[in-house]
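Quick notes on the structure that follows.
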Amino acid sequence: MNVIPTKIPDVLILESKIFQDERGFFFESYNRQNFTDITGHIVNFVQDNHSRSKQNVLRGLHYQIEQAQGKLVRVITGSIFDVAVDIRKSSPTFGQWVGCELSAQNKHQLWIPPGFAHGFVVLSEVAEVLYKTTDYYAPQHERCILWNDPYLAIDWHLTAEPILSAKDKAGKPFQEAEVFT
Ligand SMILES: Cc1cn([C@H]2C[C@H](O)[C@@H](COP(=O)(O)OP(=O)(O)O[C@H]3O[C@@H](C)C(=O)[C@@H](O)[C@H]3O)O2)c(=O)[nH]c1=O
């Protein structure tokens, strides 16, 4: 497993060793011991999510203010631009974002610890995204920051208008959003 750092030290891109042969490929998509060694934390994943979206669908920026979720994100069909925003007030990178392309081809995974808002946009015709979470879905604690907040100024690599849920269209400006201490 190769670890690619990002400009936010707690957010990591993980590159697995892929074994290719005449049958296809094999890789360990998750190994608890390796993950603990890489992050320096014992992380307990409790939920696996799977979503499929068409091109230009943008989901985000989401977080849970209680039962905050760390997320380990990967793509098994197509490609996305995946974004994490640091919303921990005490963090030196508070208000900063990082993004990276995750695809079925590169098999990269993004580790986003608790304390971040998360979102992605679909770059390919369709994309299927899988992610593990460190806490359970808790809709009462769900919050959403506006994807195009001018303060955050995220470059989503968009080539068309994004397709958003009603909930995401009604996201809060970053400076009005509830954040972590
Ligand atoms: C996230 C989630 C949704 N749902 C249900 C609620 C709703 O009826 C339906 C679709 O939910 P949403 O519109 O919130 O799905 P979506 O917009 O894909 O939400 C997800 O976006 C990405 C970016 C994240 O980071 C996730 O944590 C999550 O917030 O699925 C669950 O049952 N469990 C879950 O964990």
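Observations, loosely collected:
- The phi-based Karplus calculation (6.51 cos²θ - 1.76 cosθ + 1.60; θ = phi - 60°) puts the 3J(HN,Hα) values of the stretch 8-14 at 9, x, 7, 9, 10, 9, 10 Hz, whole numbers, x for Gly and Pro.
- With contacts taken as Cα pairs under 8 Å at a separation of at least 6 residues, the stretch 2-176 carries a relative contact order of 29 percent.
- Top of Gly99, Gly70, Gly171 by mean-square fluctuation, Gaussian network on the chain, Cα under 10 Å: Gly171
- Loop trypsin sites (Lys or Arg not before Pro), the stretch 4-56 (other Cβ atoms within 10 Å of the site Cβ: 15 or fewer; DSSP): Lys7, Lys17, Arg23
- Centroid-to-centroid, using Cα positions, the stretch 100-123 and the stretch 1-52 are 11 Å apart.
- Filter on Lys7/Lys89; Lys54/Lys172; Lys89/Lys167; Lys54/Lys107; Lys54/Lys169 - keep pairs with C-alpha separation over 21 Å: Lys54/Lys172; Lys89/Lys167
- Selected from Leu123, Leu158, Leu14 as most flexible by GNM, with the chain as the system and alpha-carbon contacts under 10 Å: Leu158
- Whole-Hz ³J(HN,Hα) from phi, Karplus 6.51 cos²θ - 1.76 cosθ + 1.60, for the stretch 45-61, glycine and proline x: 7, 10, 8, 10, 10, 9, 10, 10, 9, 8, 4, 6, 5, 10, 10, x, 8
- Shape call, the chain: gyration tensor on alpha carbons, a/c limit 1.5: oblate
- Taking the Cα centre of the stretch 1-152 as reference, the dipole from Cβ charges on Lys and Arg (+1) and Asp and Glu (-1) amounts to some 140 debye.
- Basic side chains Lys and Arg get +1 at the Cβ, acidic Asp and Glu get -1 at the Cβ, and with that the dipole of the stretch 116-179 about its Cα centre reaches some 140 debye.
- Amide H contacts under 5 Å for Ile163: Val57, Leu58, restricted to partners 5 or more places along the chain or on a different chain, H placed in the peptide plane at 1.01 Å from N.
Any read-out appearing in this document is the output of simple, stated calculations on the displayed coordinates, not a laboratory observation. These figures come from a predicted structure and were not determined experimentally. Here Cβ is always computed from backbone atoms with ideal geometry, including for glycine, and neighbour counts include all displayed protein chains.
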